[in-house]
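First up is the structure itself, then whatever we jot down about it.
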Amino acid sequence: MIARMHEEQGREYLSDVVIAEYFRETDERFYNGGCNKNSNRMTHRMVERFLHFVNTGEIKLPNPMKGCQQELASKFETIAENFITTVPHPNTRNDARWVVHKYFAWLDEQGYGDLGGVGAVQIKDYLLYAAKKYSQNSMRSVRLYLAKLYAHLYETGLSESSYEALLSFSVNYDVKIKTALPKSDIAKMLDAIDRETKSGKRAYAAMMLGTVLGLRACDVVNLKLTDIDWINGEIRIFQSKTAKSVILPLTKDVGEALEDYILNARPKIDSPNIFIRVQPPYKALKSAVTIGEIYRDCCKTAGLPVSKRFHSLRRSLGTSMVNAGIPVTAAAQVFGDTKIDSMKQYIAVDAEHLKLCALPFDGIAPRGGDAA
């Protein structure tokens with residue numbers, strides 16, 4: 001990605017400016033809930049190791065995660081790298097590397113130089129060992145990537161079984177439920193935007209896309225003029241996170257905000273993107289971090305707690321839909337989420353409906369005194 005960014009900008013040599021821009025783009029994923037703090041920190045470390053190589057010529061292991069530094073037996077190393085190449089996404093590839101390195105290092109400690117003699121008994125022993133050592137969230141990755149590993153090994157003839165039944169158990173893991181931004185705060189933020197200025201018109205249009213349609217910052221920054229079907233009243237977007245196309249209604253309030261910005265504030269430049277810098281050089285916004293910064297400034301102007309989490313608007317919309325009784329399946333389609341599980345966070349903050357699920361304490365005697 002760093003090399004590609006240099007090529008796009010016509011730079012022949014490594015540039016501190018481009019590196020800083022890359023850091024901004026990786027940070028925007030974290031600010032908008034696209035990755036957790038550990039993943040974001042890991043990306044920074046990977047870039048720092050690359051820069052270390054450029055400056056010193058010293059090559060280090062490509063993954064800085066703790067536990068992946070140890071050397072593996074040559075046969076295990078080959079198997080691990082062959083498996084990791086089958087994992088498509090770079091973020092999940094790092095998780096896969098961590099799991100297989102831990103597993104193969106444990107096998108080596110048990111006296112296994114290769115997979116000969118390794119079967120269900122050894123897998124069970126490792127799972128018990130890992131369960132005592134790692135958190136629930138880590139065990140979820142262990143279970144997932146061991147299952148993928150053995151499916152790969154079985155397919156390539158390196159294992160007599162995929163051990164699908166053994167590795168099909170579920171792992172409960174902690175998910176932090178973030179609170180939604182109250183409607184009153186959203187209204188206060190929108191009202192505080194100065195829509196008489198060019199920057200204000202741009203900010204209002206971007207905030208309305210998040211408030212009314214629940215678009216992610218990455219989809220707002222990538223929104224094209226051709227994505228808006230003014231005649232049929234629709235917005236067609238290709239979601240960066242899910243790689244799925246979604247068609248959303250162009251509501252009157254969103255349409256008016258976009259119209260005001262495009263006709264009266266957007267610089268007249270030859271760019272397919274809707275959102276453009278307000279100061280020269282005029283060019284399309286490149287990073288979703290910028291949308292987070294616009295949201296931060298809007299919150300600051302309105303006297304609200306300062307935050308770069310533009311994703312709060314999407315979370316508030318989802319919560320409002322669930323609270324209004326809209327089926328979770330319908331809400332998931334509007335949000336373009338491919339998995340219903342993605343909507344669980346909105347159900348979890350639906351306090352009124354959750355009260356209906358609570359059981360009474362009738363017939364339960366307290367401990368102590370005569371009840372003992």
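The values are calculated or read from the model by the stated rules, or taken from the named source; none is laboratory data. A quick note: this is a predicted structure, and the numbers were derived from the prediction, not measured. In this analysis, Cβ positions are derived from the backbone assuming ideal geometry, glycine residues included, and neighbour counts consider all displayed protein chains.
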For the stretch 151-224, which helices (runs of 4 or more DSSP H) that fit wholly inside it have 3 or more residues that are in contact (Cβ under 8 Å) with a residue 40 or more places away in the chain and either over 19 Å from TYR261 (Cα atoms) or more than 29 Å from the chain's Cα centre (by Cα) (or both)?
183-192
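At pLDDT 80 or above and either not in a helix (DSSP H, G or I) or not assigned by TED's automatic domain parsing to the domain that holds CYS218 (or both), is that true of GLN69?
Details: at pLDDT 80 or above: no; either not in a helix (DSSP H, G or I) or not assigned by TED's automatic domain parsing to the domain that holds CYS218 (or both): yes.
No: the conditions fail for GLN69.
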First in the stretch 322-341 and assigned to a loop (DSSP other than H, G, I, E, B), second anywhere and buried (at least 19 other Cβ atoms within 10 Å of the Cβ) and modelled with pLDDT of 70 or more, Cβ under 6 Å, 6 or more apart
none
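Looking at the structure I just gave you, is TYR282 within 20 Å of ARG24 (Cα to Cα) and free of Cβ contacts under 8 Å to residues at least 60 places away in the same chain? First the steps, then the outcome.
Values: within 20 Å of ARG24 (Cα to Cα): yes; free of Cβ contacts under 8 Å to residues at least 60 places away in the same chain: yes.
Against the criterion (within 20 Å of ARG24 (Cα to Cα) and free of Cβ contacts under 8 Å to residues at least 60 places away in the same chain), TYR282 qualifies.
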In the set ASP108, ASP95, ASP114, ASP125, the lone residue that is of a type outside the set (Gly, Ala, Ser) and in a loop (DSSP other than H, G, I, E, B) is ASP114
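Does ILE123 meet the test of being over 30 Å from LEU317 (Cα atoms), surrounded by 12 or more Cβ atoms within 10 Å (Cβ to Cβ) and of a type in the set (Val, Ile, Thr)?
Judged against the criteria, ILE123 is a match.
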Mind checking which residues of the stretch 26-39 are closer than 16 Å to ARG93 by Cβ and part of a helix (DSSP H, G or I)?
THR26, ARG29, ASN38, SER39
Take the residues in the stretch 248-291 that are small (Gly, Ala, Ser) and surrounded by 22 or more Cβ atoms within 10 Å (Cβ to Cβ); name whichever of them is modelled with the highest pLDDT.
ALA257
Inside the stretch 130-153, the number of residues satisfying the requirement of being surrounded by fewer than 16 Cβ atoms within 10 Å (Cβ to Cβ) and either polar (S, T, N, Q) or modelled with pLDDT of 95 or more (or both) is 3
Is at least one residue of the stretch 77-91 at pLDDT 90 or above, under 19 Å from ALA151 (Cβ atoms) and either within 25 Å of the chain's Cα centre (by Cα) or part of a loop (DSSP other than H, G, I, E, B) (or both)?
yes
Can you find a residue that is assigned to a helix (DSSP H, G or I), within 17 Å of LYS198 (Cα to Cα) and assigned by TED's automatic domain parsing to the domain that holds ASP194 anywhere in the stretch 274-290?
yes
How many residues does the stretch 196-214 hold that are buried (at least 18 other Cβ atoms within 10 Å of the Cβ) and either at pLDDT 95 or above or closer than 14 Å to ILE274 by Cα (or both)?
10
Regarding GLU256, is this residue at negative phi, over 28 Å from the mean Cα position of the chain (by Cα), in the same structural domain as ASP297 (by TED's automatic domain parsing) and of a type in the set (Asp, Glu)?
yes
